[in-house]
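Here's the structure we're looking at; comments come further down.
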Amino acid sequence: MASRAPDLDTLAQGARTDVAGAGSLQDLTSVRARYLGRKGSVSDLLRGIGDLPAEERSRVGQQVNALKVQIEDWVAERRAALESRERNRHLEEHRLDVTLPAAGQPLGHLHPVSHVQRDMAQFFLARGFSIEEGPEVETEHNNFDALNVPADHPARDMQDTFWVEGDFVLRTHTSPVQIRAMTGRTPPFRFIAPGRVYRHDFSPRNSPMFGQVEGFAVDESVTLANLKELLYAFAKHMFGAVELRFRASYFPFTEPSAELDFRCPLCRGDGCNTCSQTGWIEWGGCGMIHPTVLRNCDIDPERYQGYAFGMGLERGAMLRHELPHIRLLYDGDLRVLEQL
Ligand code: DAH
């Protein structure tokens with residue numbers, strides 16, 4: 001290549017140093033403009049070519065054009081270096097750990113009553129009980145008569161029972177499942193029957209719809225002691241160390257009958273609204289199945305005995321979470337449910 005005029009060499013050197021010294025893409029743009037822009041040094045030179053003697057024009061023109069190409073090359077090279085540096089800096093600053101767990105959606109959880117129901121089923125399945133179901137719209141016969149509840153028993157009163165047209169009711173307890181399960185079966189057997197029941201009733205402890213779990217076992221030698229052991233173990237499984245009270249009571253479908261109470265979790269016995277100042281909350285009823293009920297299911301009470309019980313599901317959830325009102329379980333208020 002023909003030698004360049006010295007001022008071209010100086011210019012080239014200056015351009016090279018300036019391009020190499022550009023610390024950012026923005027710097028680089030102004031450096032490039034300084035040399036190659038419309039008012040840049042190289043453009044000045046090109047414009048000046050017209051003033052040169054004719055024999056020099058072509059040579060100098062080629063040299064200036066070559067310098068222009070050369071500077072463009074340096075700029076491109078520097079731009080690539082700056083861009084890659086910029087990209088690396090960005091990657092470094094926004095480092096993403098793909099092994100971190102995703103932020104995810106807020107998750108819900110099972111309803112506290114469902115938890116109670118599952119824990120319960122787990123306990124009884126482990127003890128050899130099977131799960132039996134019955135309809136929520138039940139015959140008056142299964143809900144009352146077959147269970148030895150006489151026609152004038154207060155439980156049949158309009159106060160308590162939702163009557164459905166015909167001889168049907170919304171079952172007031174899960175006990176009618178005893179009738180369905182025992183009829184046509186030969187002991188021994190043991191069942192639990194969880195489900196919804198309905199009553200005209202509303203208080204901190206009662207709701208017009210609530211859940212119960214019925215349980216019953218029939219065999220040739222089933223005793224009240226078996227029942228008591230079972231229920232105490234059940235309470236321990238569900239609630240851990242809880243103070244219980246086994247209290248004589250009356251149900252038409254059991255003889256003898258008892259009720260099982262737990263210490264009010266809110267006042268711990270001092271008395272409060274939730275336990276109606278008694279210090280105790282009734283968890284459910286139980287007893288030895290009345291011979292008449294067995295007979296109604298074609299089971300010979302001379303040969304077989306059985307125990308039965310019916311526990312409130314919500315009461316269990318109230319005890320677990322120290323809830324003052326049963327309604328807190330039904331309102332669907334996330335501020336409450338998220339705490340449970
Ligand atoms: N069915 C009764 C109620 O709802 C509870 C009950 C008491 C169930 C004694 C039983 C029992 O199986 O033996 O109040």
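What's the exposure ranking of Cys297, Cys275, going from fewest to most Cβ atoms within 10 Å? Working shown, then result.
Details: Cys297 18, Cys275 24.
Sorted ascending by nearby Cβ count, the order is Cys297, Cys275.
Annotation: lysines with alpha-carbon distance below 18 angstrom to Lys228 (same-chain offsets under eight excluded): Lys236.
A cysteine counts as unpartnered when no other cysteine's C-beta lies under 4.7 Å of its own; in the chain this applies to Cys286, Cys297.
Here's the list of lysines a cross-link from Lys39 could span, going by alpha-carbon distance under 29 Å and ignoring same-chain residues fewer than 8 apart: Lys68.
Rounded to the nearest whole Hz, the Karplus-based 3J(HN,Hα) values (6.51 cos²θ - 1.76 cosθ + 1.60, θ = phi - 60°) of the range 315-326 follow the sequence 4, x, 5, 5, 5, 4, 9, 6, 8, x, 9, 4, with x at glycine and proline.
Here the calculated FRET efficiency for Gln277 and Val137, from their Cβ-Cβ distance with R0 = 41 Å, stands at 0.65, rounded to the nearest 0.05.
Among the trypsin sites (Lys or Arg not before Pro) in the range 79-117, those placed in a DSSP loop whose Cβ has at most 12 other Cβ atoms within 10 Å are Arg95.
Once the Cα atoms are used to define both axes, helix 54-93 deviates from the longest principal axis of the chain by about 20 degrees. DSSP bridge analysis restricted to the chain gives an antiparallel fraction near 95%, rounded to the nearest 5.
Given a Förster radius of 41 Å and the C-beta distance between His153 and Glu338 as r, what FRET efficiency does 1/(1 + (r/R0)^6) yield to the nearest 0.05?
Numbers: r = 42 Å, r/R0 = 1.03.
Plugging the Cβ-Cβ distance into 1/(1 + (r/R0)^6) gives 0.45.
Loop-only check: which trypsin sites (Lys or Arg not before Pro) in the range 276-327 are DSSP coil with at most 13 other Cβ within 10 angstrom? Answer by residue number: Arg303. Start at zero, step by 10 Å, and the Cα-Cα distances of the range 1-142 spread as 9, 22, 15, 9, 7, 6, 6, 7, 7, 7, 5, 2, 0 percent across the bins. Loop-located GluC sites (Glu not before Pro) across the range 96-171 with a Cβ neighbour count of 10 or fewer within 10 Å are Glu165, with loop assigned by DSSP. Model label sites at Arg185 and Leu46, defined 7 Å from Cα along the beta-carbon direction, differ in position by 10.0 nm.
The simple Förster model, with R0 at 56 Å and r as the Cβ-Cβ distance, assigns Gln122 and Glu92 a FRET efficiency of 0.60. A cut-off of 5 Å between modelled amide H atoms, ignoring neighbours fewer than 5 places along the same chain, links Trp280 with Cys264.
Full extension of the chain between Glu83 and Lys39 yields a length gain of 13.2 nm, computed as 0.36 nm times the residue separation minus the alpha carbon distance.
Would you compute, from DSSP H runs of 4+ residues alone, the mean residue ellipticity of the chain at 222 nm, taking -39500 (n - 2.57) per run and dividing by the full residue count, rounded to the nearest 500? Provide the component values of the computation, followed by the final result.
Numbers: 11 runs with 137 residues, N = 340.
Per the formula, -12500 deg cm²/dmol.
Values in this text are rule-based calculations from the coordinates and carry no lab data. Worth saying up front: this structure is predicted, and the values here are computed from it rather than measured. Ideal geometry is used to build each Cβ from the backbone, glycine not excepted, and the neighbour counts take in all protein chains shown.
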